[in-house]
Amino acid sequence: MTLIKSISGIRGTIGGAVGDNLTPVDAVKFASAYGTWLKTATNKAHPVVAVGRDARISGAMIQNLVMNSLVGLGIKVIDLGLSTTPTVEIAVPLEKADGGIILTASHNPKQWNALKLLNNKGEFLSAANGEKILNIAENDAFSFAEVDDLGSIEVNDTYIDLHIDEVLALSLVNPEIVKKAGFKVVVDAVNSTGGIAIPKLLKKMGVDVVELYCEPNGHFPHNPEPLKEHLTDLSELVVKEKADFGLVVDPDVDRLAFVSEDGEMFGEEYTLVACADYVLGKNPGNTVSNLSSSRALRDVTQKHGGTYEASAVGEVNVVEKMKANRAIIGGEGNGGIIYPESHYGRDSLVGVALFLSHLAEKKCSVSELRNSYPSYYMSKNKIQLTPGLDVDGILKGFHEKYKAEEVTTIDGVKVDFNDCWVHLRKSNTEPIIRIYTEALSQEKADQLAQDTIGTLKEIAGI
């Protein structure tokens, strides 16, 4: 069982011992730490916080604990109920709230849950503010409100519909051309809140929707990370239904991946590439993705005359670099689209609407669209960390071994070779080292990953 505390929030497995897992006590503690920080940061006795959750089995329990902890601090809570991460992100500024909390463990399996913390712009907190909240929690530095100063809870379950309306109003989203195209799409929402939001959006765009695992009951039918090996049911149903494509979102709907009409993966890395190609074709500009994302975005950006830059992994880092680079679209290669015209957060609804508009305008199949982009192949692996392992020493040793190559160390160690790259970093959400490689063939990417794992074990002496 695991509890991971980071500047972006707290994430852990449900049950077990306090301090070692995400127990009710830990949920109360960290919600209280966030609320305490927010009252100080805003200098308000009764700040406003929007709270929403994905459909995890533990969601209702955690949400009630979090909301009532905030009420105990004198905070007004807007209960968004079943929601999505991007929906909460847009709700915060629309409600003129002072902050937000999303209860979701993203792509982690059902035993996990988390508190993701937002500022008054609906964006993830800075590292400095995250550290302040961790310190408050560590020292139990809470002061709760007296009875006459308790906060309140107001229920507002309209925000998924408002979010859809916001997406459809974006300047480059073209519902009319999509309706004329007559698309048929299979949707896999892993029985979470994407099953509410994505079919609604598609139907408003005139798409014929085939629902697969769209019941928001929290019983994930497969590993919720949208990787090829988890999506055999989706691939088979796309072919069986003769659909134009399939799509899958993770439980909190900030990651998006497509399956082509032939049942083959479009590639989650190419979700951002395709959406960026469409946006840049209409409005040339700059892009940003993280160090673990495909070179294909760089290639497409340069094709349209823009500048590409890479950030450290983590949405807050991508957003910071996007603002500095004045990027008009960006995100992460895990299928996360960040489109500033909407908001600075990964948003699968925005991604779906842009992709559909692009495909309708191109008048080609999804497989043909994929074949129009540079072909890179990635291998994503990980090494489980064990207590006592000197991770920093291992990464330093790897850097030293390849110091003659182009090396980036803003986030772990990335080595860029002429026709491939490898990126090693400690995960923010799990006790692992992530190993991402990319090359011009799957075989070369896989081999580079295996060679890297061998090198790391040699450096570690295991």
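Things to note:
- Of all residues in segment 219-247 being at pLDDT below 95 and charged (D, E, K, R), the one that is nearest to the chain's Cα centre (by Cα): Glu225
- Consider segment 108-124 and keep the residues that are surrounded by fewer than 22 Cβ atoms within 10 Å (Cβ to Cβ) and of a type outside the set (Asp, Glu). The one that is nearest to Pro224 (Cα to Cα) is Pro109.
- Counting the residues of segment 188-199 that are in contact with a strand residue (DSSP E or B) (Cβ under 7 Å, 6 or more places away or on another chain) and assigned to a loop (DSSP other than H, G, I, E, B) gives 2.
- Scanning segment 384-405 for residues that are closer than 15 Å to Leu448 by Cβ and not aromatic (Phe, Trp, Tyr) yields Lys401, Glu405.
- No other residue among Asn21, Asn108 is closer than 20 Å to Glu138 by Cα and either touching a residue at least 40 places away in the same chain (Cβ under 8 Å) or within 23 Å of the chain's Cα centre (by Cα) (or both) apart from Asn21.
- When residues in segment 200-213 are screened for being assigned to a loop (DSSP other than H, G, I, E, B) and surrounded by fewer than 20 Cβ atoms within 10 Å (Cβ to Cβ), 1 of them pass.
- Residues of segment 312-326 that are surrounded by 22 or more Cβ atoms within 10 Å (Cβ to Cβ) and either hydroxyl-bearing (Ser, Thr, Tyr) or modelled with pLDDT under 95 (or both): Val313, Glu315.
- Within segment 133-165, being aliphatic (A, V, I, L, M) and touching a residue at least 40 places away in the same chain (Cβ under 8 Å) holds for Ile133, Leu134, Ile136, Ala137, Ala141, Ala145, Leu150, Ile153, Val155, Ile160, Leu162, Ile164.
- Search result, residues across segment 327-379 that are assigned to a helix (DSSP H, G or I), touching a His at 6+ places or on another chain (Cβ under 9 Å) and crowded, with 24+ Cβ neighbours inside 10 Å: Leu349, Val350
- Residue in segment 139-152 that is within 18 Å of Lys5 (Cα to Cα), modelled with pLDDT of 95 or more and of a type in the set (Gly, Ala, Ser) present: no
- As a summary of the residue check, Arg56 satisfies the conditions (1) assigned to a loop (DSSP other than H, G, I, E, B); (2) of a type outside the set (Val, Ile, Thr); (3) at positive phi except for the one numbered (3).
- Segment 292-311 - residue that is part of a loop (DSSP other than H, G, I, E, B) and surrounded by 24 or more Cβ atoms within 10 Å (Cβ to Cβ) and, of those, farthest from the chain's Cα centre (by Cα): Ser294
- Those residues of segment 82-109 which are at pLDDT 95 or above, part of a loop (DSSP other than H, G, I, E, B) and not aliphatic (A, V, I, L, M), in sequence order: Ser83, Thr84, Glu95, Lys96, Asp98, Thr104
- Here is the figure for segment 24-49: residues that are within 16 Å of Asn139 (Cα to Cα) and in contact with a strand residue (DSSP E or B) (Cβ under 8 Å, 6 or more places away or on another chain) total 7.
- Selection from segment 418-439 of residues that are of a type outside the set (Asp, Glu), out of contact with any helix residue (DSSP H, G or I) (no Cβ under 7 Å at 6 or more places or on another chain) and either assigned to a strand (DSSP E or B) or surrounded by 14 or more Cβ atoms within 10 Å (Cβ to Cβ) (or both): Trp421, His423, Arg425, Ser427, Asn428, Thr429, Pro431, Ile432, Arg434, Tyr436
- For segment 111-131, a residue qualifies if it is of a type in the set (D, E, K, R) and modelled with pLDDT under 95, and exactly one does: Glu131.
- Residue check: Asp79 meets all listed conditions (1) part of a strand (DSSP E or B); (2) crowded, with 21+ Cβ neighbours inside 10 Å but one, namely (2).
The values are calculated or read from the model by the stated rules, or taken from the named source; none is laboratory data. Everything numeric here is computed off the predicted structure, so don't read it as measured data. Using ideal geometry, Cβ is built from the backbone for each residue, glycine included, and neighbour counts are taken over all protein chains shown.
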